[in-house]
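Read the structure below first, then the notes.
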Amino acid sequence: MDNNHSQAQSRAPQSMAREIRQLSRQLVRQLGMLSGACGALPLSPVQAHALLELGQQSLSIKQLALLLNIDKSNASRAVSHLVEKKLAETKVNHRDSRSLQASLTAKGRAMLAKLDEQQDCYFQQVLAQLSEEESSQIALALGRFQRAIIQSKAQEGIEIRTITEADDAAIAAVIRTVSAEYGLTPDKGYGVADKTLDCLSEVYSIPGARYWVICDKGQVLGGGGIAPLASEPGVCELQKMYFLPAIRGKGLARRLANHALAFAREAGYRECYLETTAVLIEAVKLYESLGFEHLTAPRGATGHDACEMPMLKRLSQNDSSI
């Protein structure tokens with residue numbers, strides 16, 4: 001791929017990130033999160049959020065700080081203000097005499113009921129401007145956005161970059177280790193049996209191909225790639241997606257797959273094909289969630305006859321499934 005392609009790939013995400021940043025800022029302002037009071041109630045936004053969490057259960061200051069994603073000093077101030085207003089009370093945590101356990105008073109629960117009523121009324125009025133389908137789409141999108149934020153924090157310090165020759169031995173070892181974990185032995189038609197497994201940087205150096213490795217503190221812990229599907233012009237294949245246990249559950253498989261699919265679109269592919277096996281339950285669920293559909297027969301001459309689940313995704317610039 002030439003430099004123009006690489007630049008086009010980097011510009012689009014940056015433009016989208018800035019648009020979402022602007023929308024997020026406007027949303028925070030319109031919801032009154034920068035205001036000194038939460039609607040008509042004598043509560044700051046932080047105090048209101050603390051009230052909502054304490055309405056679920058009593059919490060230590062540390063637990064409340066974690067739930068609100070603020071530091072302990074801010075959580076402590078919020079609780080102190082609620083105590084001053086007689087909306088909450090604190091007592092020594094029986095599990096740790098050095099910390100306080102906060103809970104709502106009867107007056108606090110009455111205030112919580114007013115807060116719920118006020119916010120329910122406000123959001124019902126907002127959603128009245130939208131159709132039921134639009135409201136459902138927003139709820140789904142916000143849920144995905146929240147998960148993306150959580151996963152992004154879990155991925156801090158982890159790097160996804162294009163493979164180099166120096167990575168060949170490490171990623172080959174990853175593929176062999178994960179394959180053995182799932183019983184995908186080299187004597188069968190799985191990717192671990194490929195003769196090119198030890199020189200992937202060379203394999204993916206051809207036009208229309210790219211392989212990325214996932215690194216944490218310089219150690220290669222996973223990877224995945226895109227390459228043209230043999231005898232199928234305009235079709236690429238998502239290949240060799242393998243991840244060691246240390247980086248699973250952090251959303252990295254989805255992130256890498258999305259990155260690879262963006263590359264495939266920019267490279268001009270119309271469809272993306274893959275082959276997997278039912279043994280890889282998590283992978284199958286991921287591919288389905290990304291819009292891959294099951295096929296009744298394999299395509300291309302991949303040589304992976306033991307991978308009994310061929311799947312295909314049609315690519316477009318306006319694909320909303322990812």
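Overview of values
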quantity: Subset of segment 264-292 [closer than 15 Å to Leu229 by Cβ, outside any strand (DSSP E or B) and either at pLDDT below 95 or of a type in the set (Gly, Ala, Ser) (or both)]; calculated: Ala264, Ala267, Gly268
quantity: Conditions (1) of a type in the set (Gly, Ala, Ser); (2) surrounded by 14 or more Cβ atoms within 10 Å (Cβ to Cβ); (3) in the same structural domain as Ala50 (by TED's automatic domain parsing): number failed by Ala173; calculated: (3)
quantity: Index of the failed condition, Asp305 passing every other in (1) of a type in the set (Asp, Glu); (2) assigned to a loop (DSSP other than H, G, I, E, B); (3) modelled with pLDDT of 95 or more; calculated: (3)
quantity: Selected residue [of a type outside the set (S, T, N, Q), in the same structural domain as Ile150 (by TED's automatic domain parsing), touching a residue at least 24 places away in the same chain (Cβ under 8 Å) and closer than 15 Å to Ser80 by Cβ] from Leu68, Leu41, Leu54; calculated: Leu54
quantity: Out of Leu59, Leu82, Leu54, Leu31, sole residue that is surrounded by fewer than 17 Cβ atoms within 10 Å (Cβ to Cβ) and not aromatic (Phe, Trp, Tyr); calculated: Leu31
quantity: Single residue of segment 85-116 satisfying the filter (in a strand (DSSP E or B) and surrounded by fewer than 13 Cβ atoms within 10 Å (Cβ to Cβ)) that is modelled with the highest pLDDT; calculated: Lys91
quantity: Residues that are over 20 Å from the mean Cα position of the chain (by Cα), within 22 Å of Ile247 (Cβ to Cβ) and either of a type outside the set (Ser, Thr, Tyr) or in a helix (DSSP H, G or I) (or both), drawn from segment 126-163; calculated: Ile163
quantity: Residue in segment 164-175 that is in contact with a Pro (Cβ under 8 Å, 6 or more places away or on another chain) and in a helix (DSSP H, G or I) present; calculated: no
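The values are calculated or read from the model by the stated rules, or taken from the named source; none is laboratory data. Just so you know, these numbers come straight off a predicted model, no measurement behind them. When we count neighbours, we look across all protein chains shown, and the Cβ atoms used for this are built from the backbone with ideal geometry, even at glycine.
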